[in-house]
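Visitor: To start, I am sharing the structure in question, which I have written as structure tokens.
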Amino acid sequence: MTKRDTEYQPLLEGITETKQKIKCPNTSLLLAICAACIGGTFQYGYNISIINSPTKSVQNFINQTWLERYEENISEQYLTLLWSSIVSIFTIGGFIGATIGGTLAIRFGRKGTLMMNNAFALLAALLMGLSYPTGLFELLIIGRFFTGVNAGIGICVQPLYLGEIAPRALRGAMAMGTSIFITGGILTGQVIGLNELLGKEEYWPILLSTTCIPAFLQLLILPWFPESPRYLLIDRGDDVGCGTAMKQLHGTDNFDREREDMERERISAMGIKPKKPWELFMDRSLRWQVLTIIVINAAQQLNGINAIYFYTDYVFEEAGIPEVNIPYVTVGTGACECLTALTCGMLIESLGRKVLIIGGYTLMAFWCICFTLTLTFQGAGPWIPYLSMGCVFAFILSFGMGPGGVTNILITELFTQTTRPAAYMIGGSVNWLSFFFIGMAFPFIVTKLQQYCFLVFLVVCVLVAVYIFLVVPETKNKTFLEIQTEFQSGEKRKASKADHSPRTTMLSTPL
């Protein structure tokens with residue numbers, strides 16, 4: 001090798017590494033992600049969405065059934081209670097699913113748990129489909145509960161699977177499948193619920209039973225793809241199975257670097273059993289990671305996105321859109337969020353997680369101010385309602401580009417193999433509890449504060465953005481061990497500063 005070759009060797013290596021980073025994912029990897037998502041987070045978005053369309057039809061069915069049973073009309077209060085139970089029981093099922101999802105993922109594997117989870121979706125579809133011919137509206141409540149369990153397990157285990165099968169350089173983009181399929185599920189539910197498809201009154205039992213279709217698709221497709229290689233190697237000690245899975249997912253010559261990362265993590269986890277959620281709370285070395293997933297999961301529900309959707313119909317009516325056309329405009333909001341998730345997937349590996357999520361929350365805070373002003377002065381001019389419409393779409397875009405897309409990826413990246421399932425159980429439980437809380441509290445917040453409720457969400461967005469800026473490191477293109485080490489080194493620096501501070505002698509009790 002000549003002297004000039006030696007001089008240019010580092011440059012050539014850098015170019016080679018850059019090419020590897022931007023190399024397109026293997027087709028098998030993309031198909032595996034689609035197979036996991038179609039019966040995972042797609043179900044979550046789909047079942048949130050389709051329940052809105054048949055509201056009046058289901059209430060008429062309940063009233064008719066009540067009249068046939070008791071020969072009197074049901075009271076308005078009890079009808080509201082039953083309908084609220086049908087809607088909100090979904091969150092209770094989701095919470096239960098999230099609390100058991102991590103345990104199932106350890107016991108049966110990521111892929112195995114996703115396959116088993118389809119039983120809840122199929123059972124739910126059967127029960128809700130039979131509710132009308134049997135005249136038992138109680139089956140709707142039970143069916144919605146099982147759809148919640150299915151969604152809770154799916155939103156816990158599927159991001160876990162995606163984060164573990166993706167190569168490091170593409171981990172963020174591949175993990176965006178979670179938010180892409182959530183928004184895709186919401187959009188699909190909005191479209192299927194239109195009157196031209198299954199939105200007519202006589203079709204509501206079929207509409208609610210369509211949750212079986214994604215389940216059947218996953219049962220047909222996912223068996224063709226392997227279990228998580230990281231799970232096989234670290235949790236099961238299956239070297240051969242890991243190699244076979246990586247060969248299928250990454251290609252024959254494209255997984256040596258990933259295998260080395262797994263080997264290092266296996267050595268660090270040797271002799272350590274997967275931790276339970278309560279053990280994460282007791283581990284002081286993980287306190288900032290645990291606090292972070294609690295903050296970002298609670299904020300994902302409490303940041304105002306639900307309030308925006310609540311005000312959507314009102315804003316569109318004030319803008320002069322006919323009531324019969326509002327469902328079609330609402331489909332536009334779903335399409336907007338879905339396209340934003342796709343855009344975030346293309347940007348996340350270049351801009352990084354931290355920039356996107358902080359930028360998203362910052363923009364959402366700005367749009368909270370704008371939306372409060374436009375709602376306050378809604379009658380000041382004929383053009384104000386159109387500004388409100390712009391704020392709706394801008395807020396949804398900001399959410400999709402930031403917290404909507406990045407939150408689940410951070411849970412994967414902030415923890416290692418032995419702690420990740422428990423972290424998803426904690427994050428999922430907080431998310432579902434926050435979902436339930438905002439569903440119960442939001443009507444009262446709107447009643448008391450009206451349009452000024454967005455000032456509450458403004459505070460939430462600002463506080464979360466500041467927290468992430470100060471606490472959470474950038475995780476782009478880093479191994480899980482490197483991210484863990486960065487958190488621990490930050491802890492040591494803080495402890496060192498405290499030890500050398502002259503004021504520490506004044507403290508009589510430990511912090």
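The values are calculated or read from the model by the stated rules, or taken from the named source; none is laboratory data. All of these numbers come straight from a predicted model, not from anything done at the bench. With ideal geometry, Cβ positions are generated from the backbone for all residues, glycine too; neighbour counts draw on all protein chains shown. Surface areas here come from the heavy atoms of the whole protein model, side chains and all, with no ligands, DNA or RNA. Shrake-Rupley method; radii C 1.70, N 1.55, O 1.52, S 1.80 Å.
Visitor: Give I92, I141 a once-over and let me know the one that is under 22 Å from L198 (Cα atoms), of a type in the set (A, V, I, L, M), in the same structural domain as R171 (by the TED database) and open to solvent by 10 Å² or more (accessible area, probe 1.4 Å).
Guide: I141
Visitor: For the stretch 91-111, name all the residues that are in contact (Cβ under 8 Å) with a residue 24 or more places away in the chain and not hydrophobic (A, V, I, L, M, F, W, C).
Guide: Of everything in the stretch 91-111, those that are in contact (Cβ under 8 Å) with a residue 24 or more places away in the chain and not hydrophobic (A, V, I, L, M, F, W, C) turn out to be T91, G93, G94, G97, T99, G101, G102, T103, G109, R110, K111.
Visitor: Here's a follow-up. What is the residue count in the stretch 126-138 for residues that are open to solvent by 10 Å² or more (accessible area, probe 1.4 Å) and part of a helix (DSSP H, G or I)?
Guide: Result for the stretch 126-138: 8.
Visitor: If you don't mind, there's one more thing I want to ask. Among the residues of the stretch 350-359, is any modelled with pLDDT of 75 or more, within 20 Å of C391 (Cβ to Cβ) and in contact with a Gly (Cβ under 7 Å, 6 or more places away or on another chain)?
Guide: Yes: one or more hits.
Visitor: In addition: Before we move on, is I369 under 22 Å from the mean Cα position of the chain (by Cα), open to solvent by 30 Å² or more (accessible area, probe 1.4 Å) and at pLDDT 85 or above?
Guide: Taking the combined requirement at face value, the residue does not satisfy it.
Listed here are the residues, each with its yes/no results for (1) in a helix (DSSP H, G or I); (2) acidic (D, E); (3) more than 22 Å from K476 (Cβ to Cβ); (4) touching a strand residue (DSSP E or B) at 6+ places or on another chain (Cβ under 8 Å).
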| site | (1), (2), (3), (4) |
| --- | --- |
| V149 | yes, no, yes, no |
| V157 | yes, no, yes, no |
| M174 | yes, no, no, no |
| T183 | yes, no, yes, no |
| L187 | yes, no, yes, no |
| E196 | no, yes, yes, no |
| E202 | yes, yes, yes, no |
| A215 | yes, no, yes, no |
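Visitor: Further question: Is at least one residue of the stretch 416-429 under 21 Å from I186 (Cβ atoms) and touching a helix residue (DSSP H, G or I) at 6+ places or on another chain (Cβ under 6 Å)?
Guide: Checked against the condition, which is being under 21 Å from I186 (Cβ atoms) and touching a helix residue (DSSP H, G or I) at 6+ places or on another chain (Cβ under 6 Å), the stretch 416-429 yields at least one hit.
Visitor: Here are some conditions: (1) among the hydroxyl-bearing types (S, T, Y); (2) assigned by the TED database to the domain that holds I426; (3) under 18 Å from A422 (Cα atoms). T312 meets all but one. Which one does it not meet?
Guide: Evaluating T312 over (1) among the hydroxyl-bearing types (S, T, Y); (2) assigned by the TED database to the domain that holds I426; (3) under 18 Å from A422 (Cα atoms) leaves (3) as the failure.
Visitor: For F377, are the conditions met, namely being touching a Ser or Thr at 6+ places or on another chain (Cβ under 9 Å), over 11 Å from I308 (Cα atoms) and of a type in the set (F, W, Y)?
Guide: The answer is no for F377.
Visitor: Which of the residues belonging to the stretch 192-231 are under 19 Å from F137 (Cα atoms), among the hydrophobic types (A, V, I, L, M, F, W, C) and open to solvent by less than 20 Å² (accessible area, probe 1.4 Å)?
Guide: If the condition is that a residue be under 19 Å from F137 (Cα atoms), among the hydrophobic types (A, V, I, L, M, F, W, C) and open to solvent by less than 20 Å² (accessible area, probe 1.4 Å), then W204, L207, L208 are the ones that fit.
Visitor: Also, quick follow-up: Can we say I62 is at pLDDT 90 or above, of a type outside the set (D, E, K, R) and either more than 26 Å from P159 (Cα to Cα) or not in a helix (DSSP H, G or I) (or both)?
Guide: yes
Visitor: Which residue is farthest from F457 (Cα to Cα), if the candidates are limited to the stretch 392-416 and must be open to solvent by 10 Å² or more (accessible area, probe 1.4 Å) and aromatic (F, W, Y)?
Guide: Checking each candidate, the answer is F393.
Visitor: If we keep just the residues of the stretch 232-242 that are buried (at least 17 other Cβ atoms within 10 Å of the Cβ) and not aliphatic (A, V, I, L, M), which is nearest to L30 (Cα to Cα)?
Guide: If we take residues in the stretch 232-242 being buried (at least 17 other Cβ atoms within 10 Å of the Cβ) and not aliphatic (A, V, I, L, M), then C242 is nearest to L30 (Cα to Cα).
Visitor: Looking at the stretch 420-438 only, could you name the residues that are of a type in the set (S, T, Y) and closer than 16 Å to L162 by Cα?
Guide: Y424
Visitor: Go through the residues of the stretch 101-114 one by one and say whether even a single one is open to solvent by 20 Å² or more (accessible area, probe 1.4 Å) and of a type in the set (F, W, Y).
Guide: yes
Visitor: Here is a follow-up. Answer with yes or no whether L122 is touching a residue at least 40 places away in the same chain (Cβ under 8 Å), out of contact with any helix residue (DSSP H, G or I) (no Cβ under 7 Å at 6 or more places or on another chain) and more than 25 Å from C338 (Cβ to Cβ).
Guide: It is false that L122 is touching a residue at least 40 places away in the same chain (Cβ under 8 Å), out of contact with any helix residue (DSSP H, G or I) (no Cβ under 7 Å at 6 or more places or on another chain) and more than 25 Å from C338 (Cβ to Cβ).
Visitor: Now for a different question. Might you check whether a residue that is of a type in the set (K, R), more than 30 Å from K273 (Cβ to Cβ) and modelled with pLDDT under 90 occurs anywhere in the stretch 169-177?
Guide: So far as the stretch 169-177 goes, no, none of its residues is of a type in the set (K, R), more than 30 Å from K273 (Cβ to Cβ) and modelled with pLDDT under 90.
Visitor: Looking at (1) without any contact (Cβ under 8 Å) to a residue 60 or more places away in the chain; (2) open to solvent by less than 10 Å² (accessible area, probe 1.4 Å), can you tell me which one T419 breaks?
Guide: (1)
Visitor: Can I ask one more? Just to check your reading of the model, which residue among L82, L122, L114 is modelled with pLDDT under 90 and part of a helix (DSSP H, G or I)?
Guide: L82
Visitor: Here are the criteria: (1) closer than 21 Å to R420 by Cα; (2) of a type in the set (D, E, K, R); (3) open to solvent by 30 Å² or more (accessible area, probe 1.4 Å); (4) assigned to a helix (DSSP H, G or I). Tell me which single one D261 does not satisfy.
Guide: (3)
Yes/no per residue for (1) in contact with a Ser or Thr (Cβ under 7 Å, 6 or more places away or on another chain); (2) buried (at least 17 other Cβ atoms within 10 Å of the Cβ); (3) part of a helix (DSSP H, G or I):
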| site | (1), (2), (3) |
| --- | --- |
| R266 | no, yes, yes |
| G271 | no, no, no |
| F281 | no, no, yes |
| L286 | yes, yes, yes |
| V295 | no, yes, yes |
| Q301 | yes, yes, yes |
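Visitor: Starting from residues that are of a type in the set (V, I, T) and open to solvent by less than 20 Å² (accessible area, probe 1.4 Å), keep the ones in the stretch 155-188 and report whichever is farthest from H250 (Cα to Cα).
Guide: Checking each candidate, the answer is T183.
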